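Working notes for the structure below.
Read-outs throughout are calculated quantities, based only on the coordinates presented, and are distinct from any laboratory measurement. These numbers come from a predicted model, not from an experiment. Here the Cβ positions follow ideal geometry from the backbone for every residue, glycine too, while neighbour counts run over all protein chains shown.
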Amino acid sequence: MTDDADTERPDSGESVVDLREALEERYLSYALSTITQRALPDARDGLKPVHRRILHGMRLLRLDPNGAYKKSAKVVGDVMGSFHPHGDQSIYDALVRLAQDFSMRYPLADGQGNFGNIDGDGAAAMRYTETRMTDVSVRLMDGITEDAVDFKPNYDGSTEEPVVLPSNFPNLLANGSQGIAVGMATSVPPHNVAELCEAALHLINVNPEASSTELMKYVPGPDFPTGGVMVESPASIAQSYETGRGSFRLRARWTREDKGRGVYQIVVTEIPYGVQKSRLVEKIAELLLAKKLPLLKDIRDESADDIRLVIEPRAGTVDPIILMEQLFRLSDLELRVPLNLNVLDKGTVPKVMSLREALRAWLEHRKDVLVRRTNYRLAEIARRLEVLDGYIIAYLNLDEVIRIIREEDDAKASLIATFELTDAQAEAILNMRLRSLRKLEEIELRKEHTSLTEEQGHLNALLASERKQWGEITKQINDLKKVYPAYLKDGTTPHPLWGRRTDFSEAADIDDAEVANAMIEREPITVILSEKGWIRAIKGHTTEIDEKGFKADDRLKLSLHAQTTDKLLLLTTGGKVYTLSGDRLPGGRGQGEPVRLMVDIEEGQDILDVFVHTPGARRIVASRKGDGFIVAEDGLIANTRKGKQVLNVPAGGEAKLMVPVTGDSVAVIGENRKMLVFPLSQLTEMTRGKGVRLQRYKDGGLSDLKTFDSATGLTWTDSSGRTFTKTMSDLTEWLGDRASAGRQPPTGFPRNNRFGR
């Protein structure tokens, strides 16, 4: 391979091409073509080429809003033949979207026939549907015949098409846009045009460099054609508008309908933008069948012209807010609408714009259009004034003009020479019909001349003053606000068509754990843990454990009753607490699974105890050495497999037990068979640490611990199942302070040094 991109071979005349450079060049051309000619909208009119060509083709067909409809096939055929040489289906798909009121906040096409629906059903074939322009599309092309924008040759040079539309409507932000190019994409949600007009007026008349937070006084957020409720925070919205990138959290709108006798149902009346209703219902039904929505009984689609999804809870006691939070998390009743304001700046350069920059791009375009239309009108006035001057001369010398026309061989040259006329004036006189002679009254001619002269002066003053230009644009924007008002004449009632459809709210303050538990179907289970650390859960509460369910060299360590919605806390000898979910335990048909596969228990540590987490409860955690403290159970839950270190144990030491706090006194007994009773208030409450000394030992360590209420006394159970109770007066000999040595236990205390549970 040579260094040159193209090297000719002397023998064959062929050239050697550097493959890398050739691919880079060709792919870059393809990427630029995709970006500028297909995927990204122009910041000035908010349209992609296919949409711009469709509207231009409809204008040429004179499909005015008050005119007759024409077959969509006619529009597609003309657009494809003259401007957009691509597949007819892609053009028709673009036309269909322009006519869908659930896709476009302000439709650009008025469709007649089946143009699809929010369920996701496609439109009828183009030969069956008809279309015409809307008022918005007419406004987008306002002044297009007055040199307001540049035109360029079409693909075959047979005609011309507009480079951009005059856009007397903030279409980019009002209708939004989506597209995927090469290496970049765009996603602009729709907004309310009245609010955009207010923000534009603020930029013109108050602060051209207004921040996004300042503009949010007028544009609080997107306004979707399908309504919904936005639960994004104002700070997040402002950040998205400032950077041009972000997302908006959008939820369905729902209400609770009471049916009497404590029964209710939830009715969804608006769904998030871009969600297909039929697919949404299907997805929720699948979740219901998979038992992932235990609070839901049924969902029905009772929609007609308006959306009405009926959601039935499992029971009247179900909290509707928690049920909806479940649905928001698991279905498209809530979604995030992305914002990526990546558009073509002046139709050429891709740029991610802020809200202010997007509005400024539209306003600057409107100013350019105003100047071009003004110059066009001035040129027309100048030509008309020239003709009027010629008419006045002809009127004052009508007989001589008639004579010259009748007698002279070259009447045009004679008129120019006799009355010092211009070529245009002479041509206008010669082209005048005889019937017009009766209209040549000097008063009328001079009246029109005066009127045009005054208009000419006004337009020249407009061109000379930037302030007057912005004043004219302000007038145009105010006129647009009057046509698309956000409120009715009373100023408070939202307009049924143009008022804001998407409201703002805050998401319900629901505990994540509460919602997560509600997603689990509540069923009783019996948790079984073996000596070797295998765990399983069998359905129902039972005390009969089949010994055949263990391996040959294994046996039962402990069992407890729980619910599938419970959190199980597991204490190890290393002082760590791990969390298991009741619904995720292996079933009871086999031997279960090793706990070590579920959580990361460190090597050399064993499982001491497993118990059900009780919100708000407290426990005493203690080491074998006899140190311990009180800890809240809520602080024991670990969110990772690594668990949570609670009790700090020294090298060679280990945790001994973790017992619930149920009273105001503590009884401890050591391996040396000495018992001590002291007030619970002498123990400190901590989240992690070594703790304080519970009982002093010369030999051995802690054997067991129990809390009890001094009013009812201390109880224990011996090996025969008999229960003993000692009142505080009976325990006088064993009462003392924490860290004391204690005394031999009362007569009848079990030889295993255990209080029993």
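Please give the residues of the range 284-310, grouped as numeric ranges, whose backbone N is less than 19 Å from a label point set 7 Å along the Cα-to-Cβ vector of R261.
297-298
Rounded to two decimals, what is Rg over Rh for the range 45-110 when you use alpha-carbon atoms and the Kirkwood radius? Mind showing how you got there, number by number?
Details: Rg = 11.1 Å, Rh = 12.0 Å.
Rg divided by Rh gives 0.93.
Tell me which of L40, N207, P524 sits at the most positive position along the dipole axis of the chain, charges placed on C-beta atoms (Lys, Arg +1; Asp, Glu -1).
Checked the options; the winner is P524.
Rounded to the nearest 500, what is the 222 nm mean residue ellipticity of the chain from helices alone, with -39500 (n - 2.57) per DSSP H run of 4+ residues and division by all residues? The partial results should precede the final answer.
Values: 18 runs with 231 residues, N = 757.
That comes out to -9500 deg cm²/dmol.
Give, rounded to the nearest 20 debye, the magnitude of the charge dipole that the range 520-612 has about its Cα centre when Lys and Arg contribute +1 at Cβ and Asp and Glu contribute -1 at Cβ.
Working: 13 positive and 16 negative charges, 35 e Å.
Computed about the Cα centre, the dipole is about 160 debye.
Against the empirical 2.2 N^0.38 Å scaling, what ratio does the C-alpha Rg of the range 193-276 come to? Walk me through the numbers on the way to the answer.
Numbers: Rg = 17.4 Å, N = 84, 2.2 N^0.38 = 11.8 Å.
The value comes to 1.47.
Provide the FRET efficiency to the nearest 0.05 for the K346-R446 pair, computing r from the beta carbons and using R0 = 41 Å.
On the way: r = 45 Å, r/R0 = 1.10.
About 0.35, to the nearest 0.05.
What's the exposure ranking of K475, K567, going from fewest to most Cβ atoms within 10 Å?
K475, K567
Counting alpha carbon pairs within less than 8 Å and at least 6 residues apart, what relative contact order, in whole percent, applies to the chain? Please list the in-between numbers first.
Numbers: 1406 pairs, mean separation 64.2, N = 757.
8 percent.
From the cross-link list K576/K698; K277/K297; K48/K217; K642/K706, which pairs have alpha carbons spaced over 22 Å apart? Don't skip to the answer; put the middle values down first.
Numbers: K576/K698 27 Å; K277/K297 19 Å; K48/K217 30 Å; K642/K706 29 Å.
Where the Cα-Cα span goes over 22 Å, the pairs concerned are K576/K698; K48/K217; K642/K706.
Need one number: the % of Cα-Cα pairs in the range 366-447 sitting beyond the 17 Å mark. Walk me through the intermediate numbers first.
On the way: 1685 of 3321 pairs.
Everything past 17 Å amounts to 51 percent.
Work from the charge dipole of the chain (Cβ charges, +1 for Lys and Arg, -1 for Asp and Glu, about the Cα centre) and give the residue of A537, S240, G756 farthest towards its positive end.
Sorting the options by dipole projection puts first G756.
Roughly how compact is the range 520-612, stated as its Cα Rg over 2.2 N^0.38 Å to two decimals?
Details: Rg = 12.4 Å, N = 93, 2.2 N^0.38 = 12.3 Å.
Compared with the compact-globule rule of thumb, the range 520-612 sits at 1.01.
Identify, among Q265, I322, V310, the residue whose Cα sits farthest towards the positive end of the charge dipole of the range 253-332, taking +1 on the Cβ of Lys and Arg and -1 on the Cβ of Asp and Glu, with the dipole about the Cα centre.
Looking along the dipole axis, the top candidate is I322.
Give the longest segment of the chain that steers clear of GluC sites (Glu not before Pro) in DSSP loops with at most 13 neighbouring Cβ atoms within 10 Å, not counting the sites themselves.
Working: sites that count: E14, E209, E302, E420, E441, E506, E544, E602, E603.
The longest uninterrupted stretch comes out as 15-208.
What percent of all Cα-Cα pairs in the range 253-332 falls into each 10 Å bin, going from 0 up to the bin containing the maximum distance?
P(r) over the range 253-332, rounded to whole percents: 18, 56, 25, 1.
In units of 2.2 N^0.38 Å, what is the alpha-carbon radius of gyration of the range 593-728? Each step should come with its number before you reach the end.
Working: Rg = 15.8 Å, N = 136, 2.2 N^0.38 = 14.2 Å.
That ratio works out to 1.11.
Under a Cβ-Cβ cut-off of 13 Å, what is the net charge of the residues other than R360 that fall near it, where Lys and Arg count +1 and Asp and Glu count -1?
Details: positive: R44, K346, K351, R356, R366, K367; negative: E209, D345, E357, E364, D368.
Once all neighbours under 13 Å are counted, the net charge is +1.
If you fit an axis through the alpha-carbon atoms of helix 466-483 and take the longest principal axis of the Cα set of the chain, what angle between them do you get, 0 to 90°, nearest 10?
70 degrees
Regarding the range 297-362, what are the three Cα extents along the principal axes, ordered largest first, in Å?
The Cα atoms of the range 297-362 stretch 58, 28, 16 Å along their principal axes.
Among R329, R589, what is the fewest-to-most ranking by other Cβ atoms within 10 Å?
Numbers: R329 13, R589 9.
The fewest-first ordering by Cβ neighbours comes to R589, R329.
By how many degrees, between 0 and 90 and to the nearest 10, does the Cα long axis of helix 49-60 differ from the longest principal axis of the chain?
40 degrees
With a/c under 1.5 counting as rounded, go ahead and sort the range 439-484 into rounded, prolate or oblate using the C-alpha gyration tensor (a ≥ b ≥ c being the square roots of the eigenvalues; past the cut-off, prolate if a/b is larger than b/c, else oblate). Working shown, then result.
Working: a/c = 7.16, a/b = 1.91, b/c = 3.74.
It comes out oblate by the Cα gyration axes.
When the Kirkwood radius is taken over all Cα pairs of the range 17-188, what Stokes-Einstein diffusion coefficient follows at 37 °C and 0.692 mPa s, in µm²/s?
Values: Rh = 16.9 Å.
Once the numbers are plugged in, D ends up at 195 µm²/s.
So, R0 is 41 Å and r is the distance between the beta-carbons of E386 and D64; what FRET efficiency does that work out to, to 0.05? Working shown, then result.
Numbers: r = 33 Å, r/R0 = 0.80.
Here the calculated transfer efficiency is 0.80.
Counting other beta carbons within 10 Å of each residue's own, what order do R754, R52, R467 fall into, fewest first?
Lowest to highest Cβ neighbour count: R467, R754, R52.
Taking 7 Å along the Cα-to-C-beta vector as the label spot, tell me the V16-K412 distance in nanometres, rounded to one decimal.
Placing both labels 7 Å beyond Cα along the Cβ direction yields 6.7 nm.
With contacts defined as alpha carbon pairs under 8 Å and 6 or more residues apart, what's the relative contact order of the range 17-188 in percent?
On the way: 266 pairs, mean separation 48.6, N = 172.
The normalised contact order for the range 17-188 reaches 28 percent.
Considering every pair of different Cα atoms, what Kirkwood radius, in Å, is found for the range 677-757?
On the way: mean 1/r = 0.0710 Å⁻¹.
With all distinct Cα pairs of the range 677-757 included, I get 14.1 Å.
How high is the relative contact order of the range 610-757, given as a whole-number percent (alpha carbon pairs under 8 Å, six or more residues apart)?
Working: 321 pairs, mean separation 37.7, N = 148.
So the answer I get is 25 percent.
Ignoring solvent entirely, what values of log10 I(q)/I(0) come out of the Debye formula for the chain at 0.10 Å⁻¹ when each Cα is a single scatterer?
Ignoring solvent entirely, the Cα scatterers give -1.08.
Applying 1/(1 + (r/R0)^6) with R0 = 56 Å to the Cβ-Cβ distance of S505 and D699, what FRET efficiency is obtained, to the nearest 0.05?
Values: r = 66 Å, r/R0 = 1.19.
About 0.25, to the nearest 0.05.
What is the dipole size for the chain, taken about its Cα centre, with +1 at each Lys and Arg Cβ and -1 at each Asp and Glu Cβ, in debye to the nearest 20? Walk me through the intermediate numbers first.
On the way: 102 positive and 113 negative charges, 858 e Å.
Computed about the Cα centre, the dipole is about 4120 debye.
Could you work out how far helix 398-407 tilts from the main Cα principal axis of the chain, as a 0 to 90 degree angle to the nearest 10?
With rounding to tens, the tilt is 70 degrees.
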